[in-house]
């Protein structure tokens with residue numbers, strides 16, 4: 001199915017509908033506020049953005065990098081507008097600058113500052129960056145894409161909603177190639193099959 | 001010398017000095033996503049004008065006292081390269097550049113949903129690499145495309161064009177020769193194309209009310225043309241990828257059948 005690409009300010013729907021993400025209403029009509037793909041059905045209208053920064057949201061799993069240690073905890077870069085703070089109180093491990101952690105966002109306040117909880121520390125591995133708006137494609141429906149990546153590269157993968165992917169073991173070189181491919185072709189359909197074929201081909205050649 | 005200038009015909013048989021019609025734009029070419037380290041970027045060529053725009057943010061505004069807890073700040077910086085004009089330009093930002101930065105930044109503020117990004121700043125840097133009149137509108141067109149490329153939520157794009165008078169005729173998109181005409185009037189204008197709301201309007205010279213009405217109409221028409229080019233440029237990347245994909249896709253399908 002081919003989806004329509006809209007630019008900011010372009011008409012999405014002339015009817016009154018439920019207003020989804022990346023759209024706004026003006027004079028009873030619905031317009032897009034971003035460059036993205038239109039999802040329009042009888043109930044609601046929304047746009048899936050193709051570019052953009054990470055907006056912290058409650059219950060998101062994010063991957064952060066420790067920027068600084070303070071007396072009471074650590075300051076963590078979660079690739080958002082502000083750094084977040086993690087208390088040392090419930091943490092067994094001592095972290096350093098550059099340590100990688102994953103955390104759940106407990107709450108977000110009105111200026112988009114995030115409070116973190118359920119901290120896990122990662123040892124080793126590497127970080128692959130991707131545009132945050134393309135994270136859903138890396139996970140896929142019922143994590144189908146992640147499964148394909150795990151099988152194809154043999155790597156252990158953790159995907160954070162903030163556009164950071166932690167990977168350890170396996171063929172991380174191939175993994176980053178595959179993720180780059182996902183990023184470039186994120187607006188096309190049938191992506192999981194394509195990536196499966198891509199990984200198969202690469203593995204056969206090697 | 002004055003005799004010679006009087007003789008210059010800026011519009012002759014409906015054609016201008018460079019062969020354009022009175023309501024014709026110079027060739028406009030826009031490409032987005034040209035800088036990898038910026039959040040959004042755009043390279044633009046408009047006649048002889050060459051512009052690069054980069055957008056960073058929204059990011060935390062520092063020092064902290066400039067932050068606004070109700071909305072984001074827009075920091076627009078228009079700069080001309082030293083080699084962009086015939087005589088070397090002093091790289092120090094001058095009075096003209098500061099003014100253009102201010103009014104253009106305010107024009108873009110109208111389009112962006114600033115209230116969604118409290119305490120942050122959106123930095124826009126526009127560098128003029130080559131100039132031949134109408135650089136402030138070229139910069140604005142490039143900045144607007146770069147903002148869309150950065151995924152910053154906007155009410156609308158900002159489209160801009162220069163309109164004015166040379167040799168007694170109202171013409172669209174003046175070049176330097178026309179801007180230097182003895183009776184020249186130059187009106188850079190920017191609009192939000194959907195609502196035709198004017199977000200930037202400056203004028204240099206004198207017009208009669210009739211001439212002004214004609215110029216405004218022509219300017220709005222020109223902005224719409226520019227808008228179409230912006231639209232095309234932003235979509236291009238994705239449409240191309242789609243085309244490329246559709247062909248190999250059928251190939252792989254047939255291959256699988258063969259196997």
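The values are calculated or read from the model by the stated rules, or taken from the named source; none is laboratory data. All values derive from a computational prediction rather than experimental measurement. Heads up, the Cβs are rebuilt from the backbone with ideal geometry, glycines too, and the neighbour counts pull from every protein chain shown.
Give the residue that is nearest to the other protein chains (Cβ to nearest Cβ), with candidates limited to residues of the range B:57-76 that are assigned to a strand (DSSP E or B) and surrounded by fewer than 17 Cβ atoms within 10 Å (Cβ to Cβ).
Checked the range B:57-76; the qualifying residue nearest to the other protein chains (Cβ to nearest Cβ) is B:60.
Hey, residue A:45 hits all of (1) surrounded by 16 or more Cβ atoms within 10 Å (Cβ to Cβ); (2) within 13 Å of chain B (Cβ to nearest Cβ) but one; which does it fall short on?
(2)
Looking at the range A:88-112, which of its residues are modelled with pLDDT under 90 and under 26 Å from residue B:118 (Cβ atoms)?
Across the range A:88-112, the qualifying residues are A:110, A:111, A:112.
Take the residues in the range A:126-140 that are touching a helix residue (DSSP H, G or I) at 6+ places or on another chain (Cβ under 8 Å) and not in a strand (DSSP E or B), then tell me which one is farthest from residue B:58 (Cα to Cα).
A:140
Is it true that residue A:167 is within 14 Å of chain B (Cβ to nearest Cβ) and more than 22 Å from residue A:37 (Cα to Cα)?
Here the answer is no, as residue A:167 does not meet what is asked.
Does residue A:170 satisfy the condition of being surrounded by fewer than 18 Cβ atoms within 10 Å (Cβ to Cβ), in contact with a helix residue (DSSP H, G or I) (Cβ under 8 Å, 6 or more places away or on another chain) and under 26 Å from residue A:66 (Cβ atoms)?
Judged against the criteria, residue A:170 is a match.
Would you point out which residue out of A:65, A:78, A:30 is more than 14 Å from chain B (Cβ to nearest Cβ) and surrounded by 12 or more Cβ atoms within 10 Å (Cβ to Cβ)?
Within the list A:65, A:78, A:30, the selection yields A:65.
Mind checking which residues of the range B:206-228 are out of contact with any helix residue (DSSP H, G or I) (no Cβ under 8 Å at 6 or more places or on another chain), surrounded by 14 or more Cβ atoms within 10 Å (Cβ to Cβ) and free of Cβ contacts under 8 Å to residues at least 60 places away in the same chain?
B:211, B:212, B:214, B:215, B:216, B:219, B:220
Look through B:95, B:79 and report the one residue that is over 26 Å from residue B:34 (Cβ atoms), surrounded by fewer than 21 Cβ atoms within 10 Å (Cβ to Cβ) and at pLDDT 95 or above.
Only one candidate passes the filter, namely B:95.
Please verify whether residue A:146 is on the phi < 0 side of the Ramachandran plot and either touching a residue at least 60 places away in the same chain (Cβ under 8 Å) or assigned by TED's automatic domain parsing to the domain that holds residue A:106 (or both), treating the condition exactly as stated.
The answer is no for residue A:146.
If you go through the range A:169-182 one residue at a time, do you hit one that is touching a residue at least 40 places away in the same chain (Cβ under 8 Å), closer than 22 Å to residue A:51 by Cβ, not in a helix (DSSP H, G or I) and not assigned by TED's automatic domain parsing to the domain that holds residue A:93?
No - not one qualifying residue is present in the range A:169-182.
Output the residues belonging to the range B:19-37 that are in contact (Cβ under 8 Å) with a residue 12 or more places away in the chain, surrounded by fewer than 21 Cβ atoms within 10 Å (Cβ to Cβ) and under 30 Å from residue A:129 (Cβ atoms).
B:31, B:33, B:34, B:35 - these are the residues of the range B:19-37 that are in contact (Cβ under 8 Å) with a residue 12 or more places away in the chain, surrounded by fewer than 21 Cβ atoms within 10 Å (Cβ to Cβ) and under 30 Å from residue A:129 (Cβ atoms).
Can you confirm whether the range B:126-149 contains a residue that is surrounded by fewer than 24 Cβ atoms within 10 Å (Cβ to Cβ), over 12 Å from the mean Cα position of the chain (by Cα), at negative phi and within 14 Å of another protein chain (Cβ to nearest Cβ)?
no
Residue-wise test of (1) within 14 Å of chain B (Cβ to nearest Cβ); (2) in contact with a strand residue (DSSP E or B) (Cβ under 8 Å, 6 or more places away or on another chain).
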site: A:116; (1), (2): no, yes
site: A:123; (1), (2): no, no
site: A:144; (1), (2): no, no
site: A:161; (1), (2): no, yes
site: A:171; (1), (2): no, no
site: A:194; (1), (2): yes, no
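For every residue, the table says whether it meets (1) out of contact with any strand residue (DSSP E or B) (no Cβ under 7 Å at 6 or more places or on another chain); (2) assigned by TED's automatic domain parsing to the domain that holds residue A:200; (3) buried (at least 18 other Cβ atoms within 10 Å of the Cβ).
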position	(1), (2), (3)
A:87	no, no, no
A:92	yes, no, no
A:98	no, no, no
A:104	no, no, no
A:165	no, yes, yes
